[in-house]
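What follows is a single structure, written as structure tokens, with notes after it.
The values are calculated or read from the model by the stated rules, or taken from the named source; none is laboratory data. The model shown is predicted, which means the values in this text are computed figures rather than measured ones. Using ideal geometry, Cβ is built from the backbone for each residue, glycine included, and neighbour counts are taken over all protein chains shown.
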Amino acid sequence: MNSTIKAGIAYFAIVLGAGFVMGAFRVPFLVPRLGERVAELIEMPFMFVVILLGARFIARKYALPPRTPVRLAAGLLALGLSLAAEVVLAVVLQDQSIADYIASRDPVSGGVYLAMLALFALMPLILARVESAR
């Protein structure tokens with residue numbers, strides 16, 4: 001298996017795993033006390049750190065070259081796997097249509113979540129650019 005594919009799968013697993021752990025804390029402990037929006041917004045900076053460290057880890061572990069297509073491919077593969085997992089969770093486990101799931105998202109925290117998804121996909125490339133600028 002190609003190292004870019006391995007990196008994308010590992011990146012997905014790292015971020016999904018951390019999100020699962022944080023969600024297991026957020027849903028029972030923060031949501032009832034603070035509401036969905038505030039609980040999700042509190043989680044976002046922690047997920048940003050996971051995304052940053054996860055992207056750095058996979059770039060080093062899989063020796064990803066700083067070329068745009070390689071870094072973007074790893075990030076987009078991880079994003080695609082994450083979106084697929086989210087759709088499966090919403091449609092299969094929660095018995096919602098995709099439209100219902102999207103409509104149920106809070107407009108504020110949902111917007112931040114979309115920005116985080118973009119950062120998630122782009123972070124391996126962003127790190128390559130930052131490292132080459134040094």
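For segment 16-134, which helices (runs of 4 or more DSSP H) that fit wholly inside it have 3 or more residues that are over 26 Å from residue 5 (Cβ atoms) and charged (D, E, K, R)? I'd like the intermediate steps shown before the answer.
Details: elements: 31-34, 36-61, 68-88, 98-104, 107-133.
Where helices (runs of 4 or more DSSP H) fall fully within segment 16-134 and carry at least 3 residues being over 26 Å from residue 5 (Cβ atoms) and charged (D, E, K, R), they are 36-61.
Kindly check whether there is at least one residue in segment 103-118 that is loosely packed, with under 15 Cβ neighbours inside 10 Å, over 22 Å from residue 42 (Cβ atoms) and at pLDDT below 95.
yes
Return the pairs, sorted by first residue and then second, in which the second residue is of a type in the set (D, E, K, R) and part of a helix (DSSP H, G or I), the first residue lies in segment 47-62 and is touching a residue at least 40 places away in the same chain (Cβ under 8 Å), the beta carbons are less than 6 Å apart, and the residues are 6+ apart or on different chains.
Note: pairs meeting the criteria are 62/6.
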